[in-house]
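Okay, so here's the structure we're looking at.
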Amino acid sequence: MAAVFESRLSRLISSMRESGVVGALVSPGTNLFYLTGLSPSATLERLFALLVSSNGEVSLLAPKLYENELKGTWIKDVRIWSDSEDPYEILKGMIEKHFGRSGGIAVDDCMQAVHLLRIYGFLRNYDLRPLGGLISGLRILKDEGELELMREAARIADETMERIISEDLRGKREKEVARMIENTIVDLGADKFSFDAIVASGPNGANPHHTPGERRISEGDVLILDFGARYRGYCSDITRTFSIGKPHERAIEVYEVVKEAQEMAVQAVREGVVAREVDAVARGVIASKGYGERFTHRTGHGLGLDIHEDPYIAPNSETELRNGMVFTIEPGVYLGGEFGVRIEDDVALIGGRGERLTRTTRELLTL
Ligand code: CO
Ligand code: CO
């Protein structure tokens with residue numbers, strides 16, 4: 001169990017050394033989970049930090065509440081603090097002991113400002129930088145074990161889609177359907193849904209991040225469903241667009257454009273291709289049909305422990321795509337006041353080519 005974490009930590013330590021960083025401060029969240037397997041819940045206001053020094057020392061500072069949970073941990077140096085102690089004084093001592101009195105410290109991007117502010121004066125002796133820049137180079141490449149979990153997260157998303165569209169959605173409120181989706185994801189064995197489900201009916205579909213509301217799904221609507229599962233930490237993210245009843249001409253036309261853009265972009269995924277080139281393929285198809293202005297977001301985002309992470313498939317992304325990367329391809333066209341269409345799959349770069357992890361049909365289905 002500890003072997004995978006030791007190997008990740010040793011790769012992090014190499015990249016810390018290369019960047020002249022003496023220590024890393026990691027707080028609860030996906031970086032901590034990636035490096036240690038720990039995911040303490042509800043630790044927001046109590047200081048919980050992992051210290052990784054460039055000479056290979058790993059120490060944990062944790063509140064007493066977690067003492068039992070941490071009994072079996074593979075981390076040897078654990079300092080538990082009780083409510084009668086000042087954890088910030090302890091942290092300062094640990095930083096000086098393990099990192100020295102000056103130098104670069106990489107701070108977890110999701111460490112709460114309240115913790116940093118409590119030791120702000122002390123930290124001025126150090127050169128702070130975001131941990132994200134150092135660790136994303138590791139997290140961006142998924143190993144076999146991670147890919148296996150992502151396949152399962154994608155499978156749960158597909159099965160959820162199948163179950164939801166077999167229901168009669170006419171007359172149901174968007175937020176009711178969102179709840180059905182989220183419950184189904186959990187019932188199918190996911191830890192949780194990877195983000196709040198998007199159910200956008202009719203004109204609401206023209207807003208890519210619509211919050212499901214009171215609107216009832218009705219005959220003639222174009223309907224967007226966008227959701228994902230989190231399975232043992234790893235996320236999936238799928239979008240399909242449907243017609244409630246017979247689709248109108250314009251819906252069919254726009255749907256075909258988005259479907260072609262998505263297909264061409266997935267085909268363009270190859271090892272060595274730069275991410276912006278894949279974005280340009282999707283954007284090119286949509287622009288050639290006159291909807292360029294209506295494709296208002298990037299083509300995709302990396303996926304893993306976070307629902308949005310590197311690599312971004314965007315017009316300005318210079319990331320070279322490599323085997324082991326996983327990201328979404330999700331072009332869309334949004335016609336304000338009318339409807340929207342988006343098709344999203346999770347794509348893993350395997351053996352030099354893009355492989356869809358989500359498999360739900362991309363044909364325009366009538367519900
Ligand atoms: Co999505
Ligand atoms: Co997405």
Query - Nearest-0.05 FRET efficiency for His308 and Val78, computed from C-beta distance (R0 22 Å) - result: 0.10
Requested in this report: Only loop residues by DSSP count here, and only those with at most 14 other Cβ atoms within 10 Å; note down the trypsin sites (Lys or Arg not before Pro) in region 2-84 that meet that.
Outcome: Lys71, Lys76
Query raised in the report: Per residue, how much space in cubic angstrom lies within the convex hull of the C-alpha atoms of region 60-152?
Result: 150
**Report entry** Relative intensity, log₁₀ I(q)/I(0), of region 153-216 from a Debye sum that treats every alpha carbon as a point, q = 0.26, 0.27 Å⁻¹
**Finding:** -1.16, -1.21
Query raised in the report: Which loop-located trypsin sites (Lys or Arg not before Pro) does region 103-139 contain, where loop means any DSSP state but H, G, I, E or B and the Cβ has at most 10 other Cβ atoms within 10 Å?
Result: Arg124
Query - ³J(HN,Hα) computed for each position of region 341-354 - Karplus, 6.51 cos²θ - 1.76 cosθ + 1.60, integer Hz, glycine/proline x - result: 9, 9, 10, 10, 10, 8, 10, 10, 8, 9, x, x, 10, x
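Using only C-alpha positions, report the orientation-averaged shadow area of the convex hull of region 2-139, nm², one decimal.
Result: 7.4 nm².
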Report task. May I ask what percent, to the nearest 5, of DSSP beta bridges between residues of region 2-139 are antiparallel? Result -> 35
Report summary line: For region 2-139, averaging the sequence separation of alpha carbon pairs under 8 Å that lie six or more residues apart and dividing by its residue count, the contact order in percent is 28
Query raised in the report: For the chain, what relative contact order do you get, as a whole percent, if you take Cα pairs closer than 8 Å and at least 6 residues apart?
Result: 14
Requested in this report: Give the angle, between 0 and 90 degrees and rounded to the nearest 10, that separates the Cα long axis of helix 144-165 from the longest principal axis of the Cα atoms of the chain.
Outcome: 40
**Report entry** Exposure of Met94 as accessible area (Å², to 10), given a probe of 1.4 Å and all protein chains
**Finding:** 20
Report task. Would you mind checking the tilt of helix 174-187 against the longest principal axis of the Cα atoms of the chain, expressed as 0 to 90 degrees and rounded to 10? Result -> 60
**Report entry** 5 angstrom amide H check on Trp81, placed H, neighbours 5+ away
**Finding:** Ala62, Lys64
Query - Estimated vicinal HN-Hα couplings, Hz - region 15-23 in sequence order (Karplus 6.51, -1.76, 1.60; Gly, Pro = x) - result: 6, 5, 4, 4, 9, x, 9, 8, x
Report summary line: In whole Hz, the Karplus estimates of ³J(HN,Hα) for region 96-108 (6.51, -1.76, 1.60; θ = phi - 60°; x where Gly or Pro) are 5, 5, 8, 9, x, 9, 7, x, x, 10, 8, 10, 3
Requested in this report: Would you pull out the residues with amide H under 5 Å of Gly233's amide H, same chain only if 5 or more places away, H placed 1.01 Å from N?
Outcome: Asp191
Report summary line: Output for region 262-329: GluC sites (Glu not before Pro) sitting in coil per DSSP, at most 14 other Cβ within 10 Å, listed by number, reads Glu318
Report task. Enumerate the amide H contacts of Leu47 below 5 Å, restricted to partners 5 or more residues apart or on another chain; note that Pro and chain-start residues carry no placed amide H. Result -> none
Report summary line: extent check for the chain: Cα max minus min per principal axis, descending, whole Å, gives 69, 41, 37
Query raised in the report: What is the sum of charges around Val285, taking Lys and Arg as +1, Asp and Glu as -1, for the other residues whose C-beta is under 13 Å from the C-beta of Val285?
Result: 0
Query - Heavy-atom surface of region 144-366, accessible at 1.4 Å and reported per residue (Å²) - result: 40
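The values are calculated or read from the model by the stated rules, or taken from the named source; none is laboratory data. Bear in mind that the values here come from a model prediction, so they are computed numbers and not experimental data. Please note: Cβ atoms are built from the backbone with ideal geometry, for glycine as well, and neighbour counts cover all protein chains shown. Ligands, DNA and RNA are stripped out before the accessible areas are found, and what is left, the full protein with its side chains, is counted by its heavy atoms. Shrake-Rupley method; radii C 1.70, N 1.55, O 1.52, S 1.80 Å.
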